[in-house]
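Comments concern the structure below.
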Amino acid sequence: RPRLQAKADAFFAAGGERDALFRAFLERRPRVPDYARFRAACDRYRTGFAEWPSPARDGTLTDADVDPAAVRRHLYATWQAELALAKIARQGSEDHWARLYLDLALGVHGQGYDVWRERALFAGGIAVGAPPDPLFRGGQNWGFQPLLPTALRRTGHAYVREVLQHHMRCAGALRIDHVMSLVRLYWIPDGFPATEGVYVRYPRDELLALLTLESARHDTLLIGEDLGTVPSEVRTAMKAHGLLRMHVLQFAFGAGAGWPHVPAGVAASLDTHDTPTFAGFWRGLDIDDQVDLGMLEPDAAQRARQGRARVRQRVARALGTDTVPAEDAALDGALRHLARSDADFVVVALEDLWLETNPQNVPGTRDERPNWRRRARRGIRAAFSDAQVTRRLRMVDRLRKERSHDRS
């Protein structure tokens, strides 16, 4: 923050508000000054906006609510982020595979800018979550407000369109988190357990039309995260509109021998940001963690460990050995399997390539684990100077090109 502040102060002291690139940025992104003032107010009050004094709480900021230096810092930082993304987007226009793979989150922070400025679009007193399932028998409460389907329709889905355009302008591929939200969302009234929620339906055809139209305009591949409780109509609609499904190897091991079949029409991966890493899964560390968190009873944990042992034996047989392989050999085998498969798209998590054991996110936890706050063990330069990391990436790249050549 001090470095950004110093750069922002120097930029504006030199007349930066007259800089042609900066002015063009503000013309393209007219919300940015309003956003910068909101962030500056967050800095001043150090609370969520629900605790701000009126009229700031209700959406009107005065000069007394913000430090002008903080406003300049947020303007400058947002502009610099825009320049960096634009640079990547230009590289992607020359080389499609250099484009970004981004994730469109299901919701936004309940005390964030979107809800403060567009609160008529959000359902107050409600949280989004998921009903009970075999993994989370108590259901899940994700703690953010859902969008109101009636309000979206009244505004012609303008907010959703703006969100999509914001992502797709630099995304070669966009993963739609919890794609079931195009059809229905699980709403939990405040004060109720996650087992007492209800499904609320959304205008599926309108949202899919908007999604695919913006995808065509921006040449962005769409991937729907269809994991969990999925109504049959969701996958039917995804296929009709050209959205790839997700195939996660961790979830594909069931009855049978050899590697699980990977169908066409999917984005295939070893895991996701909501699962254990490959090394954590291989060692069963997620099972130990669930026991520690009180999510698994001893009997259920024992069954889970037995199931994981069967997965390791199945991988061993797929690799042509009776001995359970070391995790690095298992990782290589799993990557080769996905790379040679019929999947349209293969996603490789960088941390898996150095056999990271700690996940970035443990679903079902909030304060119990430092979700999304753990610094990666290696920076980008350190990762790509690791011979094993680069060897695995080159292997996947070579096998995918060979597979593409075979198909053509």
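Please report the relative contact order for the chain, taking Cα pairs under 8 Å with a sequence separation of at least 6, and give it as a percent rounded to a whole number.
Working: 532 pairs, mean separation 42.9, N = 408.
Worked out over the chain, it gives 11 percent.
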- Setting aside same-chain residues fewer than 8 positions from residue 87, which lysines have a Cα under 24 Å from its Cα? 7
- Which aspartates and glutamates, on any chain, are close to residue 401 with Cα under 16 Å apart, when same-chain ones fewer than 8 places away are left out? 95, 342, 344
- Message: Just to check I understand the Karplus step: with θ = phi - 60° and J = 6.51 cos²θ - 1.76 cosθ + 1.60, what whole-Hz values come out for the stretch 40-45, glycine and proline as x?
- Response: 5, 5, 4, 4, 6, 8
- So in the chain, what percent of DSSP beta bridges are antiparallel if you round to the nearest 5? 40
- Tell me which label goes with the value of percent of Cα pairs over 38 Å apart computed from the coordinates here: (1) 37; (2) 28; (3) 49. (2)
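Could you look at the stretch 357-403 and say what percent of its accessible area is carbon and sulfur, using a 1.4 Å probe and all protein chains? Before the final figure, lay out the partial values.
Numbers: 1720 of 3420 Å².
The computed percentage sits at 50.
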- Message: Explain nothing, just the number: relative contact order of the stretch 34-132, from Cα pairs under 8 Å at least 6 residues apart, as a whole percent.
- Response: 28
- Item | Fraction of antiparallel bridges per DSSP, the stretch 81-226 only, in percent to nearest 5 | 55
- Note on the structure: The alpha-carbon pair-distance distribution computed for the stretch 23-164, with 10 angstrom bins and whole-percent values, is 10, 29, 33, 22, 6, 0
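Determine the per residue accessible area of the chain with all protein chains present and a 1.4 angstrom probe, expressed in square angstrom. If you can, show how the numbers build up before the last one.
Working: 21620 Å² over 408 residues.
It amounts to 53 Å² per residue over the chain.
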- Query: Share of the stretch 1-146's accessible area from carbon and sulfur, percent, 1.4 Å?
  - Reply: 55
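The values are calculated or read from the model by the stated rules, or taken from the named source; none is laboratory data. Model, not experiment: these values are computed from the prediction. Surface accessibility is based on the protein's heavy atoms, side chains included, excluding ligands, DNA and RNA. Shrake-Rupley method; radii C 1.70, N 1.55, O 1.52, S 1.80 Å.
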